[in-house]
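Asker: Sharing a structure with you now.
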């Protein structure tokens, strides 16, 4: 992210300096007796700037590949730590039922009920992780269309009730893509950790500021501990800061969680 921001900053400087160099070269060429040494120095400077820009582009691509690889490793680890262990537990319970013919009907019912509970939890974990595998950009959709589609698809698959109030707002495409991705991240965290029955999503605009609020009635968490430990929360904070915005967390054990993200519409 820092590399990308530096490239944008450098590109602005490069564009301005390139215009200045071009003007200086034209002035020299328009002289009756052009100073070819000065002209050569300007041409060399232009070549150095182009080389530096190319180097930064390579660094940007490497950073993007590193981010993708880190995401793959994270998802693989979470699949191992959650879903695979839940499936293993369900398999062991069912195996014990099959291998123990002396179990009573009540015991069998108890064991199969527990197995179903574990499988449902594994299913919820998979749905939450699949949110990270969805396209992170809106492509040809508006932000409003993308958010509503995300909510509709998710509501059809989970038991928790999702309420969404999404205003029709146009913003810079980079801002829209980041808001969409942060909504995915917030919903994924909620599904995996909150045990919420209701999730409320609000997207609006006030005085040139885009406001995204995601609220749930789940188990909540201690913000002084979790905020430093959760990679998902760190990602959201970094995205928000990169857009010149702010993020507020309100939560406590047993009191649900409210996340409010505010981003300037025009940077």
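The values are calculated or read from the model by the stated rules, or taken from the named source; none is laboratory data. These numbers were taken from a predicted model, which means no experiment stands behind them. Cβ: placed from backbone, ideal geometry, glycine included. Neighbour counts: every protein chain shown.
Asker: Please find, within the range 132-141, the residue that is nearest to the chain's Cα centre (by Cα) out of those that are at pLDDT 70 or above and surrounded by 14 or more Cβ atoms within 10 Å (Cβ to Cβ). Steps first, answer last, please.
Answerer: Within the range 132-141, the first condition is being at pLDDT 70 or above, and the residues that meet it are 138-141.
Checking the rest, the ones that are also surrounded by 14 or more Cβ atoms within 10 Å (Cβ to Cβ) come to 138, 141.
Working: 138: 13, 141: 18 Å.
Looking at the filtered set, the residue picked out is 138.
Asker: Let me ask something additional. Is it true that some residue in the range 79-91 is modelled with pLDDT under 70, closer than 30 Å to residue 188 by Cα, touching a helix residue (DSSP H, G or I) at 6+ places or on another chain (Cβ under 8 Å) and surrounded by 10 or more Cβ atoms within 10 Å (Cβ to Cβ)? Steps first, answer last, please.
Answerer: Taking the range 79-91 and keeping what is modelled with pLDDT under 70, we get 79-82.
With closer than 30 Å to residue 188 by Cα added as a condition, the list becomes 79-82.
Filter once more, keeping what is touching a helix residue (DSSP H, G or I) at 6+ places or on another chain (Cβ under 8 Å): 79, 82.
Filter again for surrounded by 10 or more Cβ atoms within 10 Å (Cβ to Cβ), leaving 79, 82.
Yes, the range 79-91 contains at least one residue that is modelled with pLDDT under 70, closer than 30 Å to residue 188 by Cα, touching a helix residue (DSSP H, G or I) at 6+ places or on another chain (Cβ under 8 Å) and surrounded by 10 or more Cβ atoms within 10 Å (Cβ to Cβ).
Asker: Please indicate, with yes or no, whether at least one residue in the range 244-251 is modelled with pLDDT under 90, surrounded by fewer than 17 Cβ atoms within 10 Å (Cβ to Cβ) and more than 18 Å from residue 151 (Cα to Cα).
Answerer: no
Asker: Follow-up question, since we're still on this one. In this structure, does residue 183 turn out to be more than 27 Å from residue 83 (Cβ to Cβ) and without any contact (Cβ under 8 Å) to a residue 60 or more places away in the chain?
Answerer: Judged against the criteria, residue 183 is not a match.
Asker: Here's something else I'd like to know. Only one of (1) in a helix (DSSP H, G or I); (2) touching a residue at least 24 places away in the same chain (Cβ under 8 Å); (3) out of contact with any strand residue (DSSP E or B) (no Cβ under 7 Å at 6 or more places or on another chain); (4) closer than 25 Å to residue 249 by Cα is not met by residue 130, so which one is it?
Answerer: Evaluating residue 130 over (1) in a helix (DSSP H, G or I); (2) touching a residue at least 24 places away in the same chain (Cβ under 8 Å); (3) out of contact with any strand residue (DSSP E or B) (no Cβ under 7 Å at 6 or more places or on another chain); (4) closer than 25 Å to residue 249 by Cα leaves (2) as the failure.
Asker: If you scan the range 109-122, which residues turn out to be under 19 Å from residue 189 (Cα atoms) and out of contact with any helix residue (DSSP H, G or I) (no Cβ under 9 Å at 6 or more places or on another chain)?
Answerer: Hit for the range 109-122 is 120, nothing else.
Asker: Which of the numbered conditions does residue 260 fail, given that it passes all the others? Conditions: (1) assigned to a strand (DSSP E or B); (2) closer than 19 Å to residue 141 by Cα.
Answerer: (2)
Asker: Might you check whether a residue that is modelled with pLDDT of 70 or more and within 30 Å of the chain's Cα centre (by Cα) occurs anywhere in the range 36-53?
Answerer: Looking for residues that are modelled with pLDDT of 70 or more and within 30 Å of the chain's Cα centre (by Cα), one finds at least one in the range 36-53, hence yes.
For (1) modelled with pLDDT of 90 or more; (2) in contact with a strand residue (DSSP E or B) (Cβ under 7 Å, 6 or more places away or on another chain); (3) more than 15 Å from residue 162 (Cα to Cα); (4) not assigned by the TED database to the domain that holds residue 150, each residue gets a yes or a no:
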{"position": "189", "(1), (2), (3), (4)": "no, no, no, no"}
{"position": "201", "(1), (2), (3), (4)": "yes, yes, no, no"}
{"position": "207", "(1), (2), (3), (4)": "no, no, yes, no"}
{"position": "217", "(1), (2), (3), (4)": "yes, yes, no, no"}
{"position": "223", "(1), (2), (3), (4)": "no, yes, yes, no"}
{"position": "230", "(1), (2), (3), (4)": "no, no, yes, no"}
{"position": "239", "(1), (2), (3), (4)": "no, no, yes, no"}
{"position": "242", "(1), (2), (3), (4)": "no, no, yes, no"}
{"position": "260", "(1), (2), (3), (4)": "yes, yes, yes, no"}
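Asker: Going by the conditions given, is residue 188 closer than 27 Å to residue 88 by Cβ and within 21 Å of the chain's Cα centre (by Cα)? Lay out the reasoning, then the answer.
Answerer: Values: closer than 27 Å to residue 88 by Cβ: yes; within 21 Å of the chain's Cα centre (by Cα): yes.
So residue 188 fits the description; yes.
Asker: Residue check: is residue 195 touching a residue at least 12 places away in the same chain (Cβ under 8 Å) and at negative phi?
Answerer: no
Asker: Then there's this: Filter the range 99-110 down to the residues that are within 46 Å of the chain's Cα centre (by Cα) and surrounded by 10 or more Cβ atoms within 10 Å (Cβ to Cβ), then identify the one that is farthest from residue 122 (Cα to Cα).
Answerer: 107
Asker: Turning to a different aspect of this structure: If you go through the range 99-119, how many residues are over 29 Å from residue 195 (Cα atoms), modelled with pLDDT of 90 or more and either in a helix (DSSP H, G or I) or in contact with a strand residue (DSSP E or B) (Cβ under 6 Å, 6 or more places away or on another chain) (or both)?
Answerer: 1
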